[in-house]
Amino acid sequence: MLFPTITFAVFFLLVFIGNWLLMPRPRLWKPFILLASCVFYGWWEWRFVLLLALSAVANQLFAKAIERAATAAARKWLLAAAVAVNLGVLGWFKYYGFFVTSVVNFLGAFRLQADLPLLRIVLPVGISFLTFRVLSYVIDVYRGKLRTSSLLDFAVYVAFFPYIMAGPIARAGEFLPQLSGPRDPRRVDTSRAFFLIFAGLAKKMLLADYLATHIVNGVFTTPGQYTSLETLLGIVGYAVQIYCDFSAYADIAIGISLLLGFELPDNFNAPYTAISVQDFWRRWHMTLSRWLRDYLYIPLGGNRKGRTRTSVNIMITMVLGGLWHGAGWPFIFWGFLHGGAQVVEHRRVDIRKLRAQRGTDAFATSGGGPAAARAAGAPPGPPEIDTRPWGGGVWPRIGVFAFVTCAWVFFRSATFAAALSVFAQLFRGWGSVGASVTPVLLLVIAVGIGIQYVPRSLYERVEAGFSVLNPLVQGGLLAVGFMALDVLGPAGPASFLYFRF
């Protein structure tokens, strides 16, 4: 069931009414919202509702056992078993075919034949997000940061329909406390909710889907049929498309949750304004970035064990982050590129700190006075340390955007050969412009990037202005807006890109 459809609108209207009618009675509300979530997920494939049920029961049993374990060793073994089971299920559904194909190709390079069965396995939508959510629950219980909840509460957390398909990755510690008592409808920020939903639909229908159908799909499917300029715009267009598409889903999910009385964490913060790759990952898919940091990078040692180990930890985290997105070598290479870029940035910051420290030592040795410092050839005061790898300003932003955009080519392509063919086409056809290059296409790309440079304060003022309007005026504006989206948007609904991850 897709968000921008009449089917979902009817579904959500019924859920919204039932949600607030039953909210004062948690014993009725929780089964109701759980059932609604199962209907939403089962609309795509009802058999995978069993996967949700098994995941909820199994991880609740693991968490309870960890909480009751008498020794630290027993807790560690139980945690290891829980992680192995969850990753095993994810690996079976998502990586079995990739593993078998890779082994067969590797042995084939040595002229060895392997008769490994290649099964056709249907990938459950959102299984990667599901795995990270349930692991956050079990790990936080193990760390003593969270007490186990009831099975019903945990099942609601596992299956809550706004984020079940593609996030945000709300942690158990963020969501479960909100189930402790009925939500107050008077405290619901409806203005922000409708603003997020409308903005999400606009980004999805007017920007992301337009770019997909008018340039991106063609360039990445048959690059030889496009000019170099069209190829360049297709590459940049995909960067805009994936941002508008994924952030749109997150905005709609957050808005829908708000209307039901629940708050989800933000997932994007103008990622294409980043001044470094590190900064990009503080702004892009923020719930995933924080999950990888807290449950993978820091447990590996973080930056506490020297420069070499820090670099290794960064590479492991980003490569596994790439593999999390998809079963394929291009995804792994995409993670490798981002990891390598961050290793370089960390090294640049370390060099700057070392130089600054030498300047500080020279300043102290000179006696601390400006005259003595100048006589010693040192700066007249302790130097300030700029921890930005590339500094600030326009050029670092352009450089980071260019790097991220080029890396997206591997993310989008099914194979290395397909990615290289797209890059190759950049140098083959500069003799003409191409029919796909239109003023509308350029405008859509410019808007997709430009909206990230709009100050957050302006969005907040618009929301505040909308909130003080008469409810009838609000309803009229929303009706006109949704009608405009229907007229200007694509003929049929398109799936969100991150459903496949």
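Comparing Gly322, Gly306, Leu292 along the charge dipole axis of the range 223-325, the residue lying farthest to the positive side is Gly306, per the Cβ-charge model.
Charge tally for Leu52 (other residues, Cβ to Cβ under 12 Å; Lys, Arg +1; Asp, Glu -1): +1. Scanning the chain for long hydrophobic helices, with DSSP H runs required to stretch 20 angstrom or more by C-alpha along their axis and to average at least 0.0 on the Kyte-Doolittle scale, returns 6-22, 26-42, 49-68, 72-109, 127-143, 228-259, 306-325, 394-412, 471-488. Once divided by 2.2 N^0.38 Å, the Cα radius of gyration of the chain becomes 1.09. Since only Phe62, Tyr459, Phe427 are under comparison, the one whose Cα sits farthest along the positive direction of the charge dipole of the chain, derived from C-beta charges on Lys, Arg, Asp and Glu, is Phe62. Ordering Pro177, Leu13, Tyr163 by Cα displacement along the dipole of the chain toward the positive end leaves Pro177 in first place; charges were set at the Cβ atoms of Lys, Arg (+1) and Asp, Glu (-1). Per-residue Cβ neighbour counts within 10 Å put Asp279, Asp486, Asp294 in the sequence Asp486, Asp294, Asp279, beginning with the fewest.
Relative to one another, the C-alpha centroids of the range 400-428 and the range 323-346 are positioned 14 Å apart. Partners of Lys30 within straight-line reach, counting lysines whose Cα lies under 27 Å from its Cα and excluding those fewer than 8 residues away in the same chain: Lys64, Lys145. Ordering Lys204, Lys305 by the number of other Cβ atoms within 10 Å of each residue's own Cβ, fewest first, gives Lys305, Lys204. Look at the Cα gyration tensor of the range 46-87: its axes a ≥ b ≥ c give a/c of at least 1.5 with a/b at or below b/c, and that counts as oblate.
Read-outs throughout are calculated quantities, based only on the coordinates presented, and are distinct from any laboratory measurement. All of these numbers come straight from a predicted model, not from anything done at the bench. Cβ: placed from backbone, ideal geometry, glycine included. Neighbour counts: every protein chain shown.
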